[in-house]
Every structure is written in C-alpha cells, then in structure tokens.
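What follows is a single structure, written as structure tokens, with notes after it.
The values are calculated or read from the model by the stated rules, or taken from the named source; none is laboratory data. Quantities reported herein were computed from a predicted structural model and do not represent experimental measurements. Glycine also receives a Cβ, built like all others from the backbone with ideal geometry; neighbour counts cover every protein chain displayed.
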C-alpha cells in the first residue's frame, strides 16, 4: 500500500511527527519493531524539561578527565570498545564543547526548548491524558557550596529565557519532601515550569492512540532497507514492502544503520541508561522528581513505583548489560529514600541517540528528495518530540517554520 508519508520510529519523536502529519491531512504510516513508546521513550526520567536551556559539554578540564579514568563515576561511565568505535564522534564532541562553541550551540538549542511545554500541551489535550501530567516541577539537589552557588547564578539568568525557579534551603526541601534524608546536601533548586510525567511510555502510547483516532496507521515490523524509487520511497520490512511519497527517519540510535547504505555517515553515537523501579510506600513516597546533581541520577515518582534512573554509559548498542553503574547509584539512592522491594525482576536499559554538537538532526536529508531526518536528541527526545513533529510537518507541507532549522541540518558535519 502507498502512503503520503512513512515515519520510521515510534518513540516520542516519531510518534509526534506522525501525529502532526496526520492531523494536517497526510495519510501516514508509523513503523516500528515494537509498539509506540516501548524503547528509549519508555525508560527516561519522565520530565518535560522547560528549564533545559543548557547543553551538556564534554569535560575539558584535565582534572575532570582524570576523575573519569577509573570508570567508577555514577554519572558517566564508558566501555573501551565503544570509545574506540565512536572515537571520531567523541573527538568532535570534545571540540564542540569549547566555551565559544557551547555559547552558540545553546542559543540554537534554546529555539527548540522554548516550545516544549506548549507543544506537548496540544497533544496532551488531544489525547486526553491530563492525568499523566504534574505541573509542579522537579528538584535539583546539590552537595557542595561552590557548585550550588554556580547553579543558583545560572538559574537566575535562566529567568531571561522564561524559566522559573525557587532556591530551596534544606529545611524547605525537607518540607516539600518529608520522606527524604538530605544529609550531605547543601541546598536545592526547584524548577517550577517543567512538568513531570507519571508514565512516559503511556504518554507516547496515548499520543499514538490519538494519531490512530485521526485514521493514522501503525505497523509493527522490523525495517530492513529503505530505497528511493521513481515515485518516492520503498520501505522493505520483514513482512512486506510499503511505499510513500515522503519518508521520515526518526529511529533514534538505530537511524544510522538505516541511512548509511544511502551514503549518509553522520556521527551519531548511543549513550546507554538504566533504571529500576521500587515499590512506593508511605515511607518513601515523593512528590517531585529529585536529581542528585553531584552523583548524576534521578529519583522519580511513577505509576510503576519510584524510578531510579542512571546518567549515561558510553556503550555500543549490542553490548551486554552491565548493572555496575546502576548498583552504585542505588547504594546512594537508598541513603536518601528507604527503597526496598523492586518491581521488575530485571532493570531496564536503553540507548539515547547523541550527536557530537549536542543538537539533533532535523530537516531534509540533503542528498535525496523527500527524505527527512529527525534524530539525535540525546537526553531530550521525550521533551522535544512534539516541537520536532511540528517542524517536520511544516517542512513537508512547505509551511512557514516555527523554528529555523538551519542549525540542525544534516549537512553540518560534512566538513568536520
């Protein structure tokens, strides 16, 4: 069967793209090997981060690099096979992390982030899932006075970008979260206009259901090959061949393997994350997601229980699970909250798609007509899915763009 647009990838980004296109009179097919929201979009911290106006540069100070070498940190770990495989992308990441580059990158990044909650709200309303959303922000906790003072200064400046916050003393933090043991912390920042989602996978699934209610089609199958033809595109799956006028690749960390046979060699690399749920009790319940900034992990209240989410691990996609980082995080988290009974038999893990300049790829492929890319959102695909969906719809339907996509074009690495 032929469609106007095929979207490959049913995470938050791909589902949002399909939703926007179908809403604007395109006949759309959404393809994924799993049901919507069951891969990377399932396993995040459940935050729509309006405050995330800053990117995360690669450490550049010698002392920071030395601290990483033992590979025992709780916020970031690495595996040597991945470091070797992605060495070119990681070197680019280091170069793009120079202060003068970060300043420019953040200005471009902020043009996306400023739309995150307003664009999510449109889809939340359409999908009728207000029950999944809490609009009372999340809490950033600090253990050292110097880093806390720096963070407070950054937060104050963020008000210029429409980001609201409140600085919390330990007494105020304890009042908000009476079950927490905050010994060792010096203070916190309450980000007020970011949102919590109690079940990230369920939110993506609800968006997908809304898309289907508009007569959008979903097919669960593995994509083998994408091929241009005289009339547009062929998508060869393990079940059948689908045809479309336009094709959007929004397959997160799997995007590279789909587009490489067509001559695209973008420096996309995965960063793995882990999470574990613990049963919620009267003694460990929390009202906000809590992030330990010095140790690099999140404790979030979810429908499934208290979710403990790690930072990042540089790992190849098919590497065996290594729960060392998660276990180190849990040892710390259990000193903050009384976490006892796990919900799942095995912790979850998944990979986030990252680009070395800390910006996603959004827009035309550059070498083929009617081939569009939307991947590489790093830790913020869940936050930025809806605005990305709007942008891709505007591009395909030749509308005035909400955001200038030039900083996110696929050709920006051709001379790197």
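Tell me yes or no: at least one residue of the range 330-337 is within 16 Å of residue 382 (Cβ to Cβ) and surrounded by 17 or more Cβ atoms within 10 Å (Cβ to Cβ).
No, every residue in the range 330-337 fails to be within 16 Å of residue 382 (Cβ to Cβ) and surrounded by 17 or more Cβ atoms within 10 Å (Cβ to Cβ).
Select from the range 8-38 the residues that are assigned to a loop (DSSP other than H, G, I, E, B) and either surrounded by fewer than 24 Cβ atoms within 10 Å (Cβ to Cβ) or at pLDDT 95 or above (or both) and list them in ascending order.
Those that are assigned to a loop (DSSP other than H, G, I, E, B) and either surrounded by fewer than 24 Cβ atoms within 10 Å (Cβ to Cβ) or at pLDDT 95 or above (or both): 9, 10, 11, 24, 25, 26, 27, 33, 34, 35, 38.
Quick check on my filter: what residues within the range 152-179 are surrounded by fewer than 19 Cβ atoms within 10 Å (Cβ to Cβ), in contact with a strand residue (DSSP E or B) (Cβ under 8 Å, 6 or more places away or on another chain), in a loop (DSSP other than H, G, I, E, B) and in contact (Cβ under 8 Å) with a residue 24 or more places away in the chain?
Residue satisfying the conditions is 164 alone.
If residue 55 satisfies every condition in (1) surrounded by 23 or more Cβ atoms within 10 Å (Cβ to Cβ); (2) at pLDDT 95 or above; (3) in a loop (DSSP other than H, G, I, E, B) but one, which is the exception?
(1)
Considering only the range 135-151, state which residues are surrounded by fewer than 17 Cβ atoms within 10 Å (Cβ to Cβ) and touching a strand residue (DSSP E or B) at 6+ places or on another chain (Cβ under 7 Å).
135
Mind listing whichever residues of the range 393-416 are touching a helix residue (DSSP H, G or I) at 6+ places or on another chain (Cβ under 7 Å), surrounded by fewer than 17 Cβ atoms within 10 Å (Cβ to Cβ) and touching a residue at least 12 places away in the same chain (Cβ under 8 Å)?
Selection gives 402, 404, 416.
Within the range 246-279, which residues are closer than 23 Å to residue 197 by Cβ and surrounded by fewer than 18 Cβ atoms within 10 Å (Cβ to Cβ)?
Across the range 246-279, the qualifying residue is only 279.
Among the residues of the range 218-243, write down those that are in a strand (DSSP E or B) and in contact (Cβ under 8 Å) with a residue 60 or more places away in the chain.
Matches in the range 218-243: 218, 219, 220, 223, 226, 228, 232, 233, 235, 237, 242, 243.
Can you pull out every residue in the range 95-105 that is part of a helix (DSSP H, G or I) and buried (at least 17 other Cβ atoms within 10 Å of the Cβ)?
Within the range 95-105, 96, 102, 105 qualify.
How many residues are surrounded by 12 or more Cβ atoms within 10 Å (Cβ to Cβ) and over 26 Å from residue 384 (Cα atoms) when one looks only at the range 59-73?
Of the residues in that region, 6 qualify.
Name the residues in the range 116-133 that are out of contact with any strand residue (DSSP E or B) (no Cβ under 7 Å at 6 or more places or on another chain) and crowded, with 19+ Cβ neighbours inside 10 Å, would you?
Answer for the range 116-133, where residues must be out of contact with any strand residue (DSSP E or B) (no Cβ under 7 Å at 6 or more places or on another chain) and crowded, with 19+ Cβ neighbours inside 10 Å: 119, 123, 127, 129.
Which of (1) surrounded by fewer than 21 Cβ atoms within 10 Å (Cβ to Cβ); (2) part of a loop (DSSP other than H, G, I, E, B); (3) in contact (Cβ under 8 Å) with a residue 12 or more places away in the chain does residue 358 not meet, given it meets every other one?
(1)
Quick one: in the range 192-216, of everything that is in a helix (DSSP H, G or I) and free of Cβ contacts under 8 Å to residues at least 60 places away in the same chain, which residue is surrounded by the most Cβ atoms within 10 Å (Cβ to Cβ)?
Looking at residues that are in a helix (DSSP H, G or I) and free of Cβ contacts under 8 Å to residues at least 60 places away in the same chain, I get 212.
For the range 115-140, enumerate the residues that are in a loop (DSSP other than H, G, I, E, B) and touching a helix residue (DSSP H, G or I) at 6+ places or on another chain (Cβ under 7 Å).
Within the range 115-140, 115, 129 qualify.
Please verify whether the range 384-392 includes one or more residues that are surrounded by fewer than 21 Cβ atoms within 10 Å (Cβ to Cβ) and on the phi < 0 side of the Ramachandran plot.
Looking through the range 384-392, none of the residues is surrounded by fewer than 21 Cβ atoms within 10 Å (Cβ to Cβ) and on the phi < 0 side of the Ramachandran plot.
Restricted to the range 61-94, and to residues that are out of contact with any strand residue (DSSP E or B) (no Cβ under 9 Å at 6 or more places or on another chain) and assigned to a loop (DSSP other than H, G, I, E, B), which residue is farthest from residue 323 (Cα to Cα)?
Once the filter is applied, the top-ranked residue is 61.
Given the condition over 21 Å from residue 292 (Cβ atoms) and in a loop (DSSP other than H, G, I, E, B), answer yes or no: does some residue in the range 382-394 qualify?
no
Can you spot a residue in the range 141-151 that is in contact (Cβ under 8 Å) with a residue 12 or more places away in the chain and assigned to a loop (DSSP other than H, G, I, E, B)?
Yes, there is a match, as at least one residue in the range 141-151 is in contact (Cβ under 8 Å) with a residue 12 or more places away in the chain and assigned to a loop (DSSP other than H, G, I, E, B).
Give the number of residues within the range 311-329 that are surrounded by fewer than 20 Cβ atoms within 10 Å (Cβ to Cβ) and over 18 Å from residue 255 (Cβ atoms).
8
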